[in-house]
Amino acid sequence: MSTVRPPLPREHGVWVMLMVTVLAGLAAVSTFFDTGAAVFYTVAVVLSHLARPALVELVTARSIPTRRGAAAWLLAYALAGVAAAAVLLLVYHRWWLLVVAAGGAGAAAMDVARSVRRQPQSIPVQAAGAAAMALFAPGAYYAASARLDNAALALAIGMAAHLVSRVWVVTAHVHWRRAPVLDLATRWRYAWPGPAIVLAGLAAALAVDAAGGGPARWVWAVGLDLIMATASVMHGPRDTPFRALGVQQTITSVLFSTILVVTLRIP
């Protein structure tokens, strides 16, 4: 193994969101729980998250020692991740996890392409990453329960609406800092896609419920998320420190995920 330090994701809050998403999927399982499959799934997700910065460093580093180190770490992560994935597919027969893997690979490809061009992280790339991360919740549920049912669909809709919407909410704070006057119109001009995405998630939840895909209780969790997203736009100072903003969004995500899981587990 190379002596070069392992490349790690720079966004420390992403680790928290990653584990919140996976744990939400695992916690939503209310019947049979396959511990072995859940462990292999969690390991595979963590390794895939570690592999992305190693891949980015491999294709962007200029010094040969750094590239060799990144290649070594990437190979280690890839081999371990493929081994965990192989167990999930061949031993536990969780073949639908390939959909989750495809979503993660697509988001990683966009991130690597951006890094090669040395472009700042755009909203579409962030939204794609958030959507891919949202898939980890129904993926965890499926891995632990071997079921693709209404709870998995609820996790997919709820987590996708929540995580993608927060991309716009956080980005709005950057624009608010630059605005000469921060009135209500200015707030909504930059942040309206956030609540709008949650509203679309709520509409999808209601459509699923109307089609008989209940229970309807999880719809209330998405509705509460709409209230929280709207409140984050309506209130808050323009100069909120980004660390404090990250803590606020983490608390909001933990709260939403907890309520979503509780509504799914109530018999």
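The values are calculated or read from the model by the stated rules, or taken from the named source; none is laboratory data. Just so you know, these numbers come straight off a predicted model, no measurement behind them. Glycine also receives a Cβ, built like all others from the backbone with ideal geometry; neighbour counts cover every protein chain displayed.
If residue 31 passes every condition in (1) over 27 Å from residue 112 (Cα atoms); (2) modelled with pLDDT of 90 or more but one, which one does it miss?
(2)
Given (1) surrounded by fewer than 21 Cβ atoms within 10 Å (Cβ to Cβ); (2) in contact (Cβ under 8 Å) with a residue 12 or more places away in the chain; (3) of a type in the set (S, T, N, Q), identify the lone condition not met by residue 119.
(2)
Checking residue 7 against (1) under 26 Å from residue 261 (Cα atoms); (2) buried (at least 19 other Cβ atoms within 10 Å of the Cβ); (3) at pLDDT below 85, which test does it fail?
Tallying (1) under 26 Å from residue 261 (Cα atoms); (2) buried (at least 19 other Cβ atoms within 10 Å of the Cβ); (3) at pLDDT below 85, residue 7 fails exactly one: (1).
Evaluate segment 103-120: report whether one residue or more is among the hydroxyl-bearing types (Ser, Thr, Tyr), assigned to a helix (DSSP H, G or I), more than 30 Å from residue 31 (Cβ to Cβ) and touching a helix residue (DSSP H, G or I) at 6+ places or on another chain (Cβ under 9 Å).
Scanning segment 103-120 turns up at least one residue that is among the hydroxyl-bearing types (Ser, Thr, Tyr), assigned to a helix (DSSP H, G or I), more than 30 Å from residue 31 (Cβ to Cβ) and touching a helix residue (DSSP H, G or I) at 6+ places or on another chain (Cβ under 9 Å).
Helices (runs of 4 or more DSSP H) wholly in segment 167-266 with at least 1 residues that are under 19 Å from the mean Cα position of the chain (by Cα) and crowded, with 19+ Cβ neighbours inside 10 Å - which ones?
Ranges flagged: 193-210, 217-234, 242-265.
Which pairs have Cβ atoms under 6 Å, sit 6 or more apart or on different chains, and link a residue in segment 238-260 that is in contact (Cβ under 8 Å) with a residue 12 or more places away in the chain to one that is loosely packed, with under 15 Cβ neighbours inside 10 Å and in a helix (DSSP H, G or I)?
These pairs meet every condition: 238/177.
Exactly one of (1) part of a helix (DSSP H, G or I); (2) outside the structural domain of residue 32 (by TED's automatic domain parsing); (3) surrounded by fewer than 22 Cβ atoms within 10 Å (Cβ to Cβ) is unmet by residue 128. Its number?
That leaves (2) as the condition not met.
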